[in-house]
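Presented below is the structure to which this report refers.
The values are calculated or read from the model by the stated rules, or taken from the named source; none is laboratory data. Please read all numbers here as calculations on a predicted model, not as lab measurements. Cβ atoms come from the backbone with ideal geometry, glycine included; neighbour counts cover every protein chain shown.
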Amino acid sequence: MASDFRSRIVFGCVLALLAFRASAATPATGIFQADQDIGTVLNPGSIRYDPVRQTYTVSGSGGNMWFGEDDFHFVWRKITEAHDLALTADIAFIGSTGNEHRKAVLMIRQSLDANSAYVDVARHGNGLTSLQFRDAAGANTHEVESNVSGPLTARLEKRGDRFYAFVSGKDGELEPAGAATQLALSLPFYVGIGVCSHDKNVTEQAMFSHVTLQDLPPPGKTVLYSVLETVTAASTDRRVEYLAPAHFEAPNWYRDGSSLLFNQDGKLYRLALDGSAPVLVPTAPEDHCNNDHGFSPDGQWIAISDQSGASHSSSIFLVPSAGGTPRRVTQNSPSYWHGWSPDGTTLAFTGLRDGNFDIYTIPVTGGQETRLTTAPGLDDGPEYSLDGNSLYFNSDRTGQMQIWRMKPDGSNQEQVLSDQTNDWFPHISPDGKWMVFLSYNRSVTGHPPDKDVLLNLMSMSDRRAHVLATLFGGQGTINVPSWSPDGRRLAFVSYEYLPEEDINSLTSP
C-alpha cells in the first residue's frame, strides 16, 4: 500500500516535471514574449496559444487604433538588435458579426505607449486590408489600402527604415501589396500581433496561424515595382489601384472618373478602376511617348509628348481619347505638353530653345508658338487656373525651384509661395480651391527618380500648404494634371525596390 502511494507520488512528480519542461519549452505566448492591453480598454484582452496547432487566439477590446493613440490587445516580442525582419501570418476573425472596422494586425511598434509611432498591416472585419502608420508619437494615423480584400495571409517587412506590406492573392501566394512607408525606429522596438474590437464595449477574437518572425538577409538584386495610387485630399487616405514589376508614370483621369491613363515603355494605357488589367491606347506611329500627356477640357482628345522621330526629340501631338492616328501640333522640339486652356483653344508647354527651358503656348490647331518666360534657368510645368486667367508653373530663377504664376500672355510673373523645399508641377483642383505640388529636399537638383518626396496641398485662398503624402518617387510621380473630375482625389505613382530573392520565395505558408 505504501509502495503504491510512493509510486503515485513519483509518477505525479514526473508528470509535473514534464509539464514544467513543456511549459518552459513552449511559452504561453509562443514565439512572442508577453502580452498586454495598450491604451484604454474596458474589457481586458488575452492570448491563448495552442502549441500543437501553433495558433494564437487573441481577444481584444478597445475603441480604435487611429488618430493619435491606440486601444487594443498586443502580443509582442522586444527587438534589441538592429536587423531586417518579416512577420507573416494567416489571419481569421472568429465570428461573422461585429464592427466592420474591427482590426487584427501584424505590427512593429516603437513603444508600448498608446500614442507610439508604429507600422502595421491591418485586416479589418469587412475585408479591407491596409498598411497603417503613425510617423511620430501622438501624430495622426495614415493608411494605404491594398486593392486585395480579405487576404488569407499577410506579411509586414522592415528593411532599414522602410516598411512594406504583402498580401496573398487569389492563388494563395504572397505578393507585394504596393503599400509602403518610411519610419525611423530606435532600439529597442516591439513586433507582434494584436486585436482591436473598434467598439469599447465589445471583445473580439482573431486567430493567427502559421505565424513566423524571421530575420531577413541583406538584399541582393532588386526588382522595381511601380504603384499607381489615389489619395483622398480631405483625409490623406491612400489606396493602391494597380501595381506591376515594371516602370510606368504620370496618371491622368478620364473625364468620367472611371479610369486612369498612364505611360509605360513609350505607350499609353487605360486602367479602369474596377480591378481589370490596363488596356493599350493606340498612338502609332508615335509610340515613344514620355510622361507629359493629358486630356482636353471636353475629354475628346489627349495631348501627348512623343519622341519617335529620327532626332528622338519630344514633340506634341493630339490623338483621340480612345486612341488613333496622332496629329502633330508643335514643329519645334523638344516640346513637352503640360496644360490646356479651359476654353480648349490653347496648349501650354515647356520648350528647350537655344539652350534654355521656357514656357510657351500654341493654338491646338498648330502654328506659331508664343514664348512667355525669358528668365535664365528652368521654367517648367505650366498649368492654367480654373478661370483661364493665370498660368501656374515652377521656376528656379531665384536659385531654388519654387511655384510661380503669370497672366496667359506672360505678364505679371510672381512667386506664389516660398518654402525650404524644391517644388515642382503645380496642379489646380477642378473647383479652383486647391493646388497640389511635388516637393524634393532642397539638396536635390532637378526632378530625378528614386527620391523621398512630398505631395503638398495648398489652399488657393490663403496659400497655406500641408503634406498630403510622403512617398518614394519623384520623376513620374505627378508630372501632369491628376485631379479626379470631382476634385476629391488625386492619382500618383510611387515606387518600390524589392529584393528579387524575396519576391521569388514569397509563397503562402
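If the condition is being crowded, with 18+ Cβ neighbours inside 10 Å and closer than 19 Å to Gly30 by Cβ, then segment 91-119 contributes Ile91, Ala104, Val105, Leu106, Met107, Ile108, Arg109.
Kindly establish whether Ser321 is under 24 Å from Gly432 (Cβ atoms), in the same structural domain as Ser443 (by TED's automatic domain parsing), without any contact (Cβ under 8 Å) to a residue 60 or more places away in the chain and not aromatic (Phe, Trp, Tyr). Spelling it out, it is not the case that Ser321 is under 24 Å from Gly432 (Cβ atoms), in the same structural domain as Ser443 (by TED's automatic domain parsing), without any contact (Cβ under 8 Å) to a residue 60 or more places away in the chain and not aromatic (Phe, Trp, Tyr).
With respect to Asp358, determine if the residue is free of Cβ contacts under 8 Å to residues at least 40 places away in the same chain and crowded, with 18+ Cβ neighbours inside 10 Å. Steps first, answer last, please.
Working: free of Cβ contacts under 8 Å to residues at least 40 places away in the same chain: yes; crowded, with 18+ Cβ neighbours inside 10 Å: yes.
So Asp358 fits the description; yes.
When Asp462 is tested against (1) in a loop (DSSP other than H, G, I, E, B); (2) buried (at least 22 other Cβ atoms within 10 Å of the Cβ), just one condition goes unmet, and that condition is (2). Considering segment 276-318 alone, what residues qualify as being of a type in the set (A, V, I, L, M), part of a loop (DSSP other than H, G, I, E, B) and either closer than 30 Å to Val240 by Cβ or in contact (Cβ under 8 Å) with a residue 60 or more places away in the chain (or both)? Passing the criteria: only Ala277. Residues that are among the hydrophobic types (A, V, I, L, M, F, W, C) and under 18 Å from Met435 (Cα atoms) within segment 360-386 comprise just one, Leu386.
Taken residue by residue, segment 356-374 has at least one member that is under 17 Å from Asp298 (Cβ atoms), in the same structural domain as Ser482 (by TED's automatic domain parsing) and not in a loop (DSSP other than H, G, I, E, B). Here Gly410 meets the list (1) touching a residue at least 24 places away in the same chain (Cβ under 8 Å); (2) out of contact with any Ser or Thr (no Cβ under 9 Å at 6 or more places or on another chain); (3) among the small types (Gly, Ala, Ser) almost entirely, failing just condition (2). In summary, Ala348 fulfils each of the numbered conditions (1) in a strand (DSSP E or B); (2) more than 17 Å from Ser395 (Cβ to Cβ) with the single exception of condition (2). Would you mind stating whether Ser235 is surrounded by fewer than 18 Cβ atoms within 10 Å (Cβ to Cβ) and under 22 Å from Ser149 (Cα atoms)? The answer is yes for Ser235. Scanning segment 387-419 for residues that are under 27 Å from the mean Cα position of the chain (by Cα) and surrounded by 19 or more Cβ atoms within 10 Å (Cβ to Cβ), we see that the one that is nearest to Thr345 (Cα to Cα) is Tyr392. The listed residues are Val453, Val416, and the only one of them that is under 19 Å from Phe492 (Cβ atoms) and either at pLDDT below 95 or among the β-branched types (Val, Ile, Thr) (or both) turns out to be Val453.
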